[in-house]
Amino acid sequence: MPKRIIPLSDMKVQKAKSKDKPISLFDGGGLYLLITPSGGKLWRFKYRFNNKEKKLAFGSYPEISLQDARQKREDARRLLANDVDPDAVRKAQKQAKTEKTETFEVIAREWHTKFTPTWTPGHATTIMSRLERDLFPWIGKRPINQIKAPELLAVLRRVESRGALESAHRIRTIAGQVFRYAVATGRAERDPAADLKGALPQPGEKHHAAITDPKEVAPLLRAIDGYHGHLVVRCALRLAPLFFVRPGELRHAEWAEFDLDETVWNIPAHKMKMKQSHIVPLCRQAVEILKELQAFTGASRYVFPSGRSFSRPMSENAIIAVLRSLGYEKGTMTGHGFRAMARTILDEVLQIRTDYIEHQLAHAVRDPNGRAYNRTAHLAERRKMMQTWADYLDGLKSGAIVIPFKIA
């Protein structure tokens, strides 16, 4: 059991005496007072970052009071909670003071720290990795108010030259956000990233490979039914065309979100791309598959848990791997392709109203006044559509039905 640390008091700090060797008085949370043999009282903060133990100096007592030291500790812990090394921030700030100005890296880290609470952890990590890999090495030490458009363009050209044009556009966006933050806080006059609009070629539009011809959908569905691998992956693959949700939404489905009696799946907003909760009506076929799976994974939080642990969702590559094993290559079909399959056939073959389809795809759909529909809009019609879709797929599998595309 770890030793309980009793927080320091102002009186204890004031009366602490030096000895013939350094002594440490701990306050908790990594903060401690180092008393040197010469009588110095120095505030230190001990922490771990990237599995390495590190220390940070907060100044000396009484210039830095106990209350001041605790505030510095909380500031450092807030940075750590956002996966930012306080020592790196300190060094960047010192560099800026040495140069008598504010550098791009200092302001970028400040901006990142300020906005991290509004982002997902993964998004915050991605932005910082792009800053550290593609921007800091080239303009990080430059005074931010001296960086001009040609200098930033040279940085973006380096990214483009390695075949990462889309990344170059994303990095331009990130740089622009940092520059605009600097302008808003009085550290820069303008955003040079805005001057680079049109300076980079536009990346080609990406489409997820999908099978949308009913004659080709039929053998795919039969191949899925013929797969006899792991039950969890098999059920996920059978449900993917019935739900046509995004692959990440399918993988992270939890049993608590399903009501099999009411035949509905309620996906919470934080799991959705548009950050709005979503309803998936369950067709009869989906309920049968879920009940079969529930006997196996019902004790897990996740409907489709990992093969190694019930505490984690299924791998993002699981469905792709099975599709490849069934002979469907990357350019033919993807896990995301079930959405395009449903979108195309529901519209062009079954002639379902487009707004019903778009609602079920969780796309942004607005009413005639420009207002976004709520998640329950057209729910009865969407429920009927989902059952019609499932029955149609059953007909394709059995070879009893192949409806030709309607003629424009």
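Coordinate-derived values only; no laboratory data. None of the values given here were measured: they were computed from a predicted structure. Cβ coordinates were reconstructed from backbone atoms using ideal geometry, including for glycine residues, and neighbour counts include every protein chain displayed.
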(message) If you average the C-alpha positions of the stretch 127-176 and of the stretch 28-92 separately, how far apart do those two centres end up, in angstrom?
(response) 32
(message) Taking loop as defined by DSSP and a crowding limit of 15 other beta carbons within 10 Å, which trypsin sites (Lys or Arg not before Pro) in the stretch 124-183 fit?
(response) Lys141, Lys148, Arg162
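Averaged across orientations, what area in nm² does the convex hull of the alpha carbons in the stretch 82-201 project?
Values: hull surface 28.5 nm².
Spelled out: convex hull of the Cα atoms, projected over all directions, averaged, 7.1 nm².
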(message) Could you work out how much longer the chain between Arg78 and Lys291 gets when fully extended? Use 0.36 nm per residue separation minus the Cα distance between them, nm to one decimal.
(response) 72.3 nm
(request) At 7 Å along the Cα-to-beta-carbon direction for both Thr354 and Thr173, put a label point, then send me their distance in nm to one decimal. (result) 2.5
(request) Among Ala124, Ala164, Leu200, flag the residue with its Cα farthest along the positive direction of the charge dipole of the stretch 82-201, charges on Cβ as +1 for Lys/Arg and -1 for Asp/Glu. (result) Leu200
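By how many nm would the segment from Met274 to Ser161 lengthen if fully extended, with 0.36 nm per residue of separation less the alpha-carbon distance? Display every interim value, and only then the final one.
On the way: separation 113, 0.36 × 113 = 40.68 nm, distance 3.26 nm.
Separation in residues times 0.36 nm, less the Cα-Cα distance, equals 37.4 nm.
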(message) With 10 angstrom as the radius, rank Glu105, Glu254, Glu316 by how many other C-beta atoms surround their C-beta, starting from the fewest.
(response) Glu316, Glu254, Glu105
(message) Quick check: pseudo-label points 7 Å beyond the Cα along Cα→Cβ at Leu231 and Ala149, how many nm apart are they?
(response) 6.3
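Suppose only helical runs count, i.e. DSSP H with n ≥ 4. What mean residue ellipticity at 222 nm does that imply for the chain under -39500 (n - 2.57) per run, divided by all residues and rounded to the nearest 500 deg cm²/dmol?
-14000 deg cm²/dmol
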(request) May I ask which of Lys52/Lys91; Lys21/Lys94; Lys15/Lys54; Lys17/Lys72 have a Cα-Cα span longer than 19 Å here? (result) Lys21/Lys94; Lys15/Lys54; Lys17/Lys72
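Give me the percent relative contact order of the chain, please, defined on Cα pairs under 8 angstrom at least 6 residues apart.
Working: 491 pairs, mean separation 42.5, N = 408.
Here the relative contact order equals 10 percent.
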(request) Counting other beta carbons within 10 Å of each Cβ, put Phe310, Phe304 in order, fewest first. (result) Phe310, Phe304
(request) Please name which of Leu239, Ala380, Gly307 has its Cα lying farthest along the dipole of the stretch 214-398 towards the positive end, using unit charges on Cβ (Lys, Arg +1; Asp, Glu -1) and the Cα centre as origin. (result) Gly307
(request) Evaluate E = 1/(1 + (r/R0)^6) for Gln71 and Lys19, where r is the Cβ-Cβ distance and R0 equals 35 Å; express this FRET efficiency to the nearest 0.05. (result) 0.80
(message) Take Lys52 and Glu316, extend 7 Å from each Cα along the Cα→Cβ direction, and tell me the distance between the two endpoints in nm.
(response) 2.8
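With charges only on Cβ, +1 for K and R and -1 for D and E, what is the dipole size of the chain about its Cα centre, in debye, rounded to 20? All intermediate terms of the calculation are to be shown ahead of the outcome.
Details: 68 positive and 45 negative charges, 419 e Å.
The dipole of the chain has a size of about 2020 debye.
Based on the alpha-carbon gyration tensor of the stretch 214-398, what equivalent-ellipsoid semi-axes (square roots of 5 times the eigenvalues) come out, in whole Å, largest first? Could you put the intermediate results ahead of the total?
Details: eigenvalues 123, 85, 46 Å².
Three semi-axes, in Å: 25, 21, 15.
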(request) Output the Cα-based Rg and Dmax of the stretch 1-81 in Å, rounding Rg to one decimal and Dmax to a whole number. (result) 12.8, 37
(request) Scan (1) 61, 48, 44; (2) 54, 52, 40; (3) 92, 58, 45 for the value of Cα extents along the principal axes in Å calculated from this model and give just the label. (result) (3)
